[in-house]
Amino acid sequence: MQKLTGIVLAAVGAFAISGIALNRGEPINALWILTAAICLYTIGYRFYAAWITARVLSTDATRATPAERLDNGRDFVPTPRWVVFGHHFAAIAGPGPLIGPTLAAQFGYLPGTLWILIGSVLGGCVQDMVILFLSTRRNGRSLGKMARDELGPVGGFAALFGTLAIMIILIAVLGLVVVNAMKHSPWATSTVFATIPIAMLVGFYMRGIRPGRVLEASAIGIALLLLAVVGGGWVDHQPVLRAWFDHDGPALAWFVMGYGFCAAILPVWMLLAPRDYLSTFLKLGTVVLLAIAIFVMQPELKMPALTRFIDGTGPIFSGKLFPFVFITIACGAISGFHALISSGTTPKLIRTEADVRLVGYGSMMLESFVAIMAMIAATLLDPGVYFAINSPLAALGGTPDAAVATLSAWGFPVTTGQMQALANEVGEATLFARTGGAPSLAVGMASIFSSVFGARLLAVWYHFAIMFEAVFILTTLDAGTRVGRFMVQDALGQFWEPLGRTSSYPSVILASALVVTAWGYFLYVGVIDPFGGINILWPLFGIANQMLAGIALAIATAIFLKTGRARYCWVTAAPLAWLGVVTSTAAWQKLFSVDPKIGFLSGAADIADKLAAGALAADKAAVAGKLMINLKIDAALTAFFLLVLWVVILDMLRIAWRAYRGQPLAPAAEAPYQRTQYAGAANA
């Protein structure tokens, strides 16, 4: 029966994927993509993931996990599987599955869709599950600590500092997406601002006012979140209140930095934990609602399978289909950031190794499904509207009139009247040049929801989608800042022990300030960039994130070699090889391309030439010096990330060579077996 089910799913999935890939002349229905996704995810989870856990990992439900053996009621806590699943999904689900596919739609719906499906099943889900298992077998050790233990001091040192640097870039991009979503949008800004006191109220309610009343706190929090969305519309129509929440990019960047700092230093129960908790309900609920709406609506995609911009001349970001579609999609297919969570909090909570497949593979599978729906939402828009929202005006002629003329000449007709009418319907002053992906995704989601649940509520659905994206992102931003603070404290503690004490408030404040200053600098760089920032930061984020995934897969491959699993190394080595090629190619192009729209160094030189010739407008000339410095810093970071990746890969290859030659290898740092004391765990 299982084989028959697999054959049926494979046949239906293959038919759906072939329909997606081969259809060229007529618009394609979104149900083709959803059908292909559901079939492929089911096959991946039911068969491929099950085979890996049984044959490659050899999970053992009778083995006590670190949550049981090291239970301290604070960090190591045995937790029910669905609670762990919810925690892990909330922690890994950031902007990547929402923004990456939205931006990658510039190439058409086909390339991004195929990579999301194939990359997640064979790469991203496997990475999350394998790293979670390996960390669980090693007392919940972090990725950097596993690198030091399994690779050696050189690879471990490179992995540790590379991880911290990559996290800085990641958080900066998170902040940029939030800023671009709220910029000059009082409705969105007031709604996002309201989520902070709501989360704190829920935190105090569950801890002090009504301890243990989780359902009551949940109901209050969700009701207040929905009220904040509706209240934002009222604020937007009050001239005095509107002015309070109408801010430009730099002002909002300072707000995001201040929020990140407060989230890092306040007790976790006060802001971070309740925000994570509320966001889990919001994320899962919205994902389910969006899927239902797509099934009911059965919409046709308006974006072609492939656009003219696969040649690298796209207005949203520059770069050819290969390698930049893979870099842009990022977390929707595979994410190195997930490895930090899979070797961070989650292995300290998991109660039995039998839950590794659900938590590791299953949660990434759900995030990939979010990415698929984001791709659908983006490609449902008229292509002209999509490009008008996501492209900086500087790339389309400098004015709205010039922008619509340029897009129409490219074969994507749109008018200023059409854009203004859409802006009025969603309650915005304008939708031109709302770069970053978040606003266009919100328009796409709102169009789906309003078509099914109420056509007159387009503005409410739009701002609900903006709040959904912001909550999605701020959850990762505040958690990332806090994790970054821990990493900085660990590093500072090597020089002076008191600075490494997490209980020391001066140390907490100093480390938090250093982390926020670091990512705040890159956030400010993106905000003042006349091209919207996404052209500079998102490729750097994508490269760094994919390189971190490569580091995680290299560590996993090395452990397989050291633990007698050499014949199964291809499970992690195959996606590692692909990521090595993709990220190295992308990094090389960002460093040495002569096209100033792609290369960091050529971009800095182009700005210098135009500044010297007096060819820059006054506003661009005012920030030209900063942009040149920032592009050079981006180039240095890209080179550093590339060096870190290959140091780790070469260290892994050193182990592989020794294993091939039959030379002795250092023993794996796996904790000794101890039988679980949970009565039902052995039968899980």
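The values are calculated or read from the model by the stated rules, or taken from the named source; none is laboratory data. These figures come from a predicted structure and were not determined experimentally. No Cβ is skipped: glycine too gets one built from the backbone with ideal geometry, and neighbour counts run over all protein chains shown. Just so you know, the surface numbers come from the protein's heavy atoms only, side chains and all, with ligands and any DNA or RNA stripped out. Shrake-Rupley method; radii C 1.70, N 1.55, O 1.52, S 1.80 Å.
See the values below:
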read-out: Residue in the stretch 273-286 that is under 19 Å from the mean Cα position of the chain (by Cα), free of Cβ contacts under 8 Å to residues at least 60 places away in the same chain and more than 23 Å from Ile169 (Cβ to Cβ) present; value: yes
read-out: Some residue of the stretch 494-505 being among the acidic types (Asp, Glu) and either at pLDDT 75 or above or under 29 Å from Thr195 (Cα atoms) (or both); value: no
read-out: Only listed residue being surrounded by fewer than 18 Cβ atoms within 10 Å (Cβ to Cβ) and hydrophobic (A, V, I, L, M, F, W, C), chosen from Ile38, Ile28, Ile99, Ile33; value: Ile38
read-out: One residue from Val229, Val202 being out of contact with any Phe, Trp or Tyr (no Cβ under 6 Å at 6 or more places or on another chain) and at negative phi; value: Val202
read-out: Criterion (touching a Ser or Thr at 6+ places or on another chain (Cβ under 8 Å) and in a loop (DSSP other than H, G, I, E, B)) met by exactly one of Gly124, Gly100, Gly94, Gly86; value: Gly94
read-out: Pick from the stretch 159-175, criterion among the small types (Gly, Ala, Ser), surrounded by 24 or more Cβ atoms within 10 Å (Cβ to Cβ) and within 15 Å of Leu645 (Cβ to Cβ), ranking: modelled with the lowest pLDDT; value: Ala159
read-out: Within the stretch 352-468, helices (runs of 4 or more DSSP H) holding 3 or more residues that are small (Gly, Ala, Ser), more than 21 Å from the chain's Cα centre (by Cα) and surrounded by fewer than 21 Cβ atoms within 10 Å (Cβ to Cβ); value: 400-409, 416-426
read-out: Cβ-Cβ under 8 Å pairs, at least 6 apart or on other chains, the stretch 51-70 side of a type in the set (Gly, Ala, Ser), far side part of a helix (DSSP H, G or I); value: Ala61/Glu353; Ala61/Ala354; Ala61/Ala681; Ala61/Ala682; Ala61/Asn683; Ala67/Pro347; Ala67/Lys348
read-out: Subset of the stretch 629-674 that is of a type in the set (D, E, K, R) and open to solvent by 60 Å² or more (accessible area, probe 1.4 Å) - its residue that is nearest to the chain's Cα centre (by Cα); value: Lys632
read-out: Tabulated pairs, the stretch 458-485, first under 30 Å from Glu425 (Cβ atoms), second aromatic (Phe, Trp, Tyr) and open to solvent by 10 Å² or more (accessible area, probe 1.4 Å), C-beta under 7 angstrom, 6+ apart or interchain; value: His463/Trp187
read-out: Residue among Pro323, Pro347 that alone is open to solvent by less than 10 Å² (accessible area, probe 1.4 Å), over 18 Å from Ile92 (Cα atoms) and either in a helix (DSSP H, G or I) or β-branched (Val, Ile, Thr) (or both); value: Pro323
read-out: Index of the failed condition, Val230 passing every other in (1) over 21 Å from Leu458 (Cβ atoms); (2) open to solvent by 60 Å² or more (accessible area, probe 1.4 Å); value: (1)
read-out: Residue match in the stretch 206-221 (condition: farther than 24 Å from Lys348 by Cα, surrounded by fewer than 24 Cβ atoms within 10 Å (Cβ to Cβ) and among the basic types (Lys, Arg)); value: yes
read-out: Qualifying positions in the stretch 506-537 - of a type in the set (Val, Ile, Thr) and either under 24 Å from Asn180 (Cβ atoms) or at pLDDT below 70 (or both); value: Val515, Val516, Thr517, Val525, Val527, Ile528, Ile534, Ile536
read-out: Hits in the stretch 295-320 (condition: among the aliphatic types (A, V, I, L, M) and surrounded by fewer than 22 Cβ atoms within 10 Å (Cβ to Cβ)); value: Val296, Met297, Ala305, Leu306, Ile310
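Residue-by-condition table, conditions (1) modelled with pLDDT of 95 or more; (2) in contact with a helix residue (DSSP H, G or I) (Cβ under 7 Å, 6 or more places away or on another chain); (3) over 21 Å from Gln546 (Cβ atoms):
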| position | (1), (2), (3) |
| --- | --- |
| Ile33 | no, yes, yes |
| Ala37 | no, yes, yes |
| Ile52 | yes, yes, yes |
| Pro78 | no, yes, yes |
| Gly94 | no, yes, no |
| Pro97 | no, yes, no |
| Leu110 | no, yes, no |
| Trp115 | yes, yes, no |
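This table checks each residue for (1) of a type in the set (S, T, N, Q); (2) out of contact with any Phe, Trp or Tyr (no Cβ under 8 Å at 6 or more places or on another chain).
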{"residue": "Asp246", "(1), (2)": "no, yes"}
{"residue": "Val256", "(1), (2)": "no, yes"}
{"residue": "Tyr259", "(1), (2)": "no, yes"}
{"residue": "Pro267", "(1), (2)": "no, yes"}
{"residue": "Thr286", "(1), (2)": "yes, no"}
{"residue": "Ala293", "(1), (2)": "no, no"}
{"residue": "Met303", "(1), (2)": "no, no"}
{"residue": "Leu306", "(1), (2)": "no, no"}
{"residue": "Lys320", "(1), (2)": "no, yes"}
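Results for (1) more than 26 Å from Ala223 (Cβ to Cβ); (2) modelled with pLDDT of 80 or more, shown as yes or no for each residue.
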residue: Pro267; (1), (2): no, no
residue: Thr280; (1), (2): no, no
residue: Val287; (1), (2): no, yes
residue: Ile292; (1), (2): no, yes
residue: Val296; (1), (2): no, yes
residue: Pro299; (1), (2): yes, yes
residue: Leu306; (1), (2): yes, yes
residue: Ile310; (1), (2): yes, yes
residue: Thr313; (1), (2): yes, yes
